[in-house]
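Heads up, the thing below is written out as structure tokens.
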Amino acid sequence: MPFVALPGFRDAFPDALARRRRIFEVWRRVAARYGFEEYDGPPLEPLDLYTQKSGEEIIEQLYAFNDKGGRSVALRPEMTPTLARMVSARAAQLKKPIRWFSIPQLFRYERQQRGRQREHFQLNMDIIGEAGPSADAEVIAAALDIVRELGFGSGDVRVRVSDRTVLGAGLGGELGVRQEELGAVLAALDKFERAPEAAIEALEAALGSAERARAVQRFASSLVDPGPLLASGAAVSLNECVASLRAMGLGDFVDVDFRIVRGLAYYTGIVFELFDAKRALRAICGGGRYDDLLKQVGGVDLPCVGFGMGDVVLGELIADRDGAPSVEVAVDVFVVAVGAEDRPEALALAHALRERDVRVEYALKRQAVGKQLELAAARGAGHAVIIGPAEREAGEAVVRNLETKVETRVKLNELRRDYAFTR
Ligand code: HAM
């Protein structure tokens, strides 16, 4: 049996990797534009870091095991607990607000389907040390600018913005959901869109009576219209956040939608998710405010807000629009040696060009000139530089433009120094 990759783990062949790299480039460019610094952490963490803070869904999906020292460890399923741990350790020295981003590979034992893998790369952008809604608007704007930079408009991608505090106030009033019940109720509400039956069961378990569960269910159905909650006093921050996004010119992308709750347990305020407008795929990105996590993880009281954006869903959207990725040209110049005695000069020139940062390839074995030119064309090289006995004699080479077929004789000195291979 030939070996294949494990289910949910992707082989990144060069064409697919080129597309991923373009996503990473946009991530880094936009993060830089917003003044974010890059950090990273270990891919393996103590298991407890997740079991206490992340919420049930992620815990069920952990790749966890005991290492040879008998420690319970897990491959990171998300970056936020690592970030909380790292910032807590240096909280006193760091100038607030902290703006940090990272692009970790994450591991979750999920049921594999379109847009869902068992490993993915996830851009994380977080602001730590600012409690006001400008910080929430800032990270949402960054997420939107990334999809805009990738060529998507408000007809393609929407951000659904919600607020757990507003939901909590709505549930706490007439419905009488107590603070200690709120976590479980929000977790149940999070399931409503995807698995309504499981959500109702979870509500009954959380509230201890079918009647209370039905009341909350009615509340959940009423959330189709965000108007009443948005007009409530609890929605001051959310309204301010949306106003900031409008002021930035991003209002077209924004839908206030209280059906967004988020599955992770640590969110405390504004939460949001980006979706493709057709909602054909899982969320492109999800995030929100988590003001208590640093206290729980590291004993430091600092408010935080941020998001995670995966490469998988984004890759699917780009593939739907652009088709299969094309192979990128890796070579500018192909150096051709006519005979064996021309080879040292060809090697010297190839190396000199590489020193100039020109991307160069040549045949690794002796081949007829025709074969070498064939490989040059297959590589997509713009130019072949051909060296034979007559050229060596004259201290020159033939530069052949592989598109126009025009040939020019150029001094070897000039080639080594600064000759421009314009396509
Ligand atoms: P999350 O919603 O679990 O949030 O993941 C964020 C995004 O990562 C998702 O919207 C999705 O695009 C991508 N993603 C997650 N799991 C998978 C998977 N199995 N396959 C493909 N893509 C996936 C978090 O992880 C939070 N820690 C984000 C955060 C940062 N909140 C605050 N700061």
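The values are calculated or read from the model by the stated rules, or taken from the named source; none is laboratory data. Quantities reported herein were computed from a predicted structural model and do not represent experimental measurements. FYI the Cβ positions are ideal-geometry reconstructions off the backbone, even for glycines, and counts take in every protein chain you see. Keep in mind that these areas ignore ligands, DNA and RNA; they rest on the heavy atoms of the full protein, side chains included. Shrake-Rupley method; radii C 1.70, N 1.55, O 1.52, S 1.80 Å.
Place +1 on the Cβ of every Lys and Arg and -1 on the Cβ of every Asp and Glu in the chain, take the dipole about the Cα centre, and give the residue among Gly227, Ala376, Val166 whose Cα lies farthest towards its positive end.
Ala376
Going through segment 57-162, which trypsin sites (Lys or Arg not before Pro) have at most 16 other Cβ atoms within 10 Å and a DSSP loop state? Spell out each step's value before the answer.
On the way: sites: Lys68, Arg71, Arg85, Arg90, Lys95, Arg99, Arg108, Arg111, Arg114, Arg116, Arg118, Arg148, Arg158, Arg160; in loops: Lys68, Arg71, Lys95, Arg108, Arg111, Arg114, Arg118.
Within segment 57-162, the qualifying trypsin sites (Lys or Arg not before Pro) (loop, at most 16 other Cβ atoms within 10 Å) are Lys68, Arg71, Lys95, Arg111, Arg114.
State the Kirkwood hydrodynamic radius of segment 333-417 in Å, one decimal place, computed from all pairs of distinct Cα atoms. Before the final figure, lay out the partial values.
On the way: mean 1/r = 0.0801 Å⁻¹.
For segment 333-417, inverting the mean 1/r across all distinct Cα pairs yields 12.5 Å.
Can you tally the net charge around Gln296? Count Lys and Arg as +1, Asp and Glu as -1, for every other residue whose Cβ sits under 11 Å from the Cβ of Gln296.
Local net charge: 0.
Once the whole set of protein chains is in place, how much accessible area is left on Ser237, using a 1.4 Å probe, in Å² to the nearest 10?
50 Å²
Can you tell me the dipole magnitude for segment 14-322 around its Cα centre, using point charges on the Cβ only (Lys, Arg +1; Asp, Glu -1), in Debye to the nearest 20?
Charge dipole of segment 14-322: 560 debye, to the nearest 20.
Test of the criteria: in segment 111-174, which GluC sites (Glu not before Pro) are in a DSSP loop and have at most 14 other Cβ atoms within 10 angstrom of their Cβ?
Of the GluC sites (Glu not before Pro), the ones in loops of segment 111-174 whose Cβ has at most 14 other Cβ atoms within 10 Å are Glu174.
In whole Å, what is the distance between the alpha-carbon centres of segment 127-152 and segment 47-92?
A separation of 25 Å, based on Cα centres.
Considering only protein heavy atoms, what is the solvent-accessible area of His120 at a probe of 1.4 Å, reported in Å² to the nearest 10?
Solvent-accessible area, nearest 10 Å²: 30 Å².
Would you work out if segment 14-322 is rounded, prolate or oblate? Take a ≥ b ≥ c from the square roots of the eigenvalues of the alpha-carbon gyration tensor; rounded if a/c is under 1.5, else prolate when a/b is larger than b/c, oblate otherwise.
Details: a/c = 1.34, a/b = 1.16, b/c = 1.15.
Cα axes put segment 14-322 in the rounded bin.
Identify which of Asp145, Asp255, Asp320 has the largest mean-square fluctuation in a Gaussian network model of the chain, with springs joining Cα atoms closer than 10 Å.
Of the options given, Asp320 has the highest mean-square fluctuation.
In debye, nearest 20, what is the charge dipole magnitude of segment 333-417 about its Cα centre with +1 on Lys and Arg Cβ and -1 on Asp and Glu Cβ, if you could check?
It comes to approximately 180 debye.
If you average the sequence gap of Cα pairs under 8 Å that are 6 or more apart and divide by the length of segment 14-322, what percent do you get for the contact order?
24 percent
Tally Lys/Arg at +1 and Asp/Glu at -1 over every other residue whose Cβ is under 11 Å from the Cβ of Phe334; what's the total?
Values: positive: Arg359, Arg379, Arg400; negative: Asp332, Glu361, Glu374.
Once all neighbours under 11 Å are counted, the net charge is 0.
Quote the charge dipole size of segment 1-154 about the Cα centre in Debye, to the nearest 20; the model charges only the Cβ of Lys and Arg (+1) and of Asp and Glu (-1).
In debye, rounded to 20, segment 1-154 gives about 320.
Taking K and R as +1 and D and E as -1, what net charge do the other residues with C-beta under 12 Å from the C-beta of Cys241 add up to? Working shown, then result.
Numbers: positive: Arg246, Arg289; negative: Asp136, Glu138, Asp163, Glu240.
Taking every Cβ under 12 Å from that of Cys241, the sum is -2.
Name the residues of segment 327-361 whose amide N is less than 17 Å from a point 7 angstrom out from the Cα of Asn401 along the C-beta direction?
332-334
Please name which of Leu186, Phe101, Tyr419 has its Cα lying farthest along the dipole of the chain towards the positive end, using unit charges on Cβ (Lys, Arg +1; Asp, Glu -1) and the Cα centre as origin.
Farthest towards the positive end: Tyr419.
Calculate, for segment 1-88, the solvent-accessible area per residue in square angstrom, rolling a 1.4 angstrom probe over the heavy atoms of the protein chains.
Ligands and nucleic acids excluded, the result is 58 Å² per residue.
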